[in-house]
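Read the structure below first, then the notes.
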Amino acid sequence: MKNFKLYTFTLICLFLSVFSLQANTVSNGNGNNDQSVTQSDDCFSLFPNPATTYVNVRLDNSLSDAEEVITIIILDSSGRIVEEMILERYQALGELDLIGLSAGDYVVKLMVGDNCCQMKKLLISE
């Protein structure tokens, strides 16, 4: 079972590395595709990382005034959602509570509307 979890997490990390190489386009919500905002490779940053009881998520400046809902999701090594937070419009910084999560490797996924903007690895230590 331990090898299966390691294999699953390795696949998630491989997906992250391939996914983060692509530039993503996020619609500005008015339905007009030629007025979309192109995101850079770093839609957000995580700190501290490794973390213990909380992690801060800082959005790229171009996302803080996005029309769509910004959702931050933490996934465990099996891909299960263990924490989720919705940011308010113009909120560039959010804090996720990690109390109750076991030490280990996780993936933080930033969603803009229904589109995944970027995913990053998060290490939770004891």
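The values are calculated or read from the model by the stated rules, or taken from the named source; none is laboratory data. Model, not experiment: these values are computed from the prediction. Ideal geometry is used to build each Cβ from the backbone, glycine not excepted, and the neighbour counts take in all protein chains shown.
Here are the numbers for the structure shown:
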| item | result |
| --- | --- |
| Hits in region 67-84 - residues which are under 11 Å from the mean Cα position of the chain (by Cα), under 19 Å from ASN49 (Cα atoms) and touching a residue at least 24 places away in the same chain (Cβ under 8 Å) | ILE72, ILE73, ILE74, LEU75 |
| Matching option when the condition is modelled with pLDDT under 85 and surrounded by 12 or more Cβ atoms within 10 Å (Cβ to Cβ), among GLN39, GLN22, GLN35 | GLN39 |
| Every residue from region 67-84 that is surrounded by 13 or more Cβ atoms within 10 Å (Cβ to Cβ) and of a type in the set (D, E, K, R) | GLU67, GLU68, ASP76, GLU83, GLU84 |
| Total residues in region 42-67, condition modelled with pLDDT of 80 or more and either of a type in the set (D, E, K, R) or in a strand (DSSP E or B) (or both) | 14 |
| Subset of region 100-116 (residues that are touching a Lys or Arg at 6+ places or on another chain (Cβ under 9 Å) and of a type outside the set (D, E, K, R)) | TYR106, VAL107, VAL108, LEU110, CYS116 |
| Extreme residue, nearest to ASP76 (Cα to Cα), among residues of region 89-113 that are in a loop (DSSP other than H, G, I, E, B), touching a residue at least 40 places away in the same chain (Cβ under 8 Å) and under 15 Å from the mean Cα position of the chain (by Cα) | LEU98 |
